[in-house]
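The values are calculated or read from the model by the stated rules, or taken from the named source; none is laboratory data. For clarity, every value in this text was computed on a predicted model and none was experimentally measured. Here the Cβ positions follow ideal geometry from the backbone for every residue, glycine too, while neighbour counts run over all protein chains shown.
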Amino acid sequence: MSNLAEEKRYTYADYIKWDDDIRYELIDGAAYAMASPSPEHQAISSELHGQLWQFLKGKPCKIYATLDVRLNADSFDDIVVQPDLLIVCDKSKINGKSIKGAPDMIIEILSPSNTAYDIKTKFILYQRAGVKEYWIADPFTETVQVYILKNGKYGKGIIYRDDDIIPVNILDGCEINLADVFDGSIESEYGGESRLKQRLIEAMKAKGISEEDIRDIIKNFDD
């Protein structure tokens, strides 16, 4: 995630004029280029999308992928994000090619280049905007962390792993089978790792160890 023009500030009116071949997000008017998703990232997104889409068939709420979301469209209109997956239940928020306001649910899938961005920056943005449910899927540790908005704040995240079944809080009766999301065929973007390595790496990330340092440690790790 790189800021291409830190000294400049943009709005959605500027954003829609840019080259469609390069994906950007706007955070408080600053433009950030987005990395292309890996095959692993796309596989996880497709499985989550499929399970949610199947449940939502014929229901008012709709699921979308990588659609422009204008979190402060009614004020400065200088925050535009493209979540990996989002669910919108209020049709009035669908505004042409964008979503105007906070979706009911957002799912972000981590990669080595966006971990801190999704965990810290977007966490704050989504909480402030009023996104009711926020999931962070981590291909590396094969976990999903779920945050539920209560009284304007996200509570302590609940971590799901292995063959857990995850209830979708905003959709009564909807559950996600995590075993199908991380089916064992997905190779980590750090390289194929044993379950033990994944647990160790998860612990290091929880301690705030940088991605670069984790990679160095992995190189010296001997099963």
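The table for this structure:
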item	result
Given (1) surrounded by 11 or more Cβ atoms within 10 Å (Cβ to Cβ); (2) farther than 30 Å from W53 by Cβ; (3) modelled with pLDDT of 70 or more, index of the condition K207 fails	(1)
Residue match in region 117-129 (condition: surrounded by fewer than 19 Cβ atoms within 10 Å (Cβ to Cβ) and charged (D, E, K, R))	yes
Unique residue being in a strand (DSSP E or B) and in contact with a Leu (Cβ under 6 Å, 6 or more places away or on another chain) when the list is Y64, Y134	Y64
Filter pass, P37 being farther than 22 Å from D183 by Cβ and either among the charged types (D, E, K, R) or part of a loop (DSSP other than H, G, I, E, B) (or both)	no
Residue among D138, D183, D172, D162 that is modelled with pLDDT of 95 or more and among the charged types (D, E, K, R)	D172
Among the candidates D118, D104, D84, D163, residue that is charged (D, E, K, R), touching a Leu at 6+ places or on another chain (Cβ under 9 Å) and in contact (Cβ under 8 Å) with a residue 60 or more places away in the chain	D104
Candidates D14, D21, D77 - the one that is in a helix (DSSP H, G or I) and more than 15 Å from the chain's Cα centre (by Cα)	D14
Set I63, I27: member being in contact with a His (Cβ under 8 Å, 6 or more places away or on another chain) and buried (at least 16 other Cβ atoms within 10 Å of the Cβ)	I63
Residue among E189, E133 that is out of contact with any Phe, Trp or Tyr (no Cβ under 6 Å at 6 or more places or on another chain), under 21 Å from I107 (Cβ atoms) and modelled with pLDDT under 95	E189
Any hit, region 37-51, residues being crowded, with 18+ Cβ neighbours inside 10 Å, of a type in the set (V, I, T), out of contact with any His (no Cβ under 7 Å at 6 or more places or on another chain) and closer than 26 Å to K132 by Cα	yes
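Okay, residues lined up against (1) of a type in the set (V, I, T); (2) over 21 Å from E133 (Cα atoms):
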| position | (1), (2) |
| --- | --- |
| Y12 | no, yes |
| F76 | no, yes |
| D84 | no, no |
| I87 | yes, no |
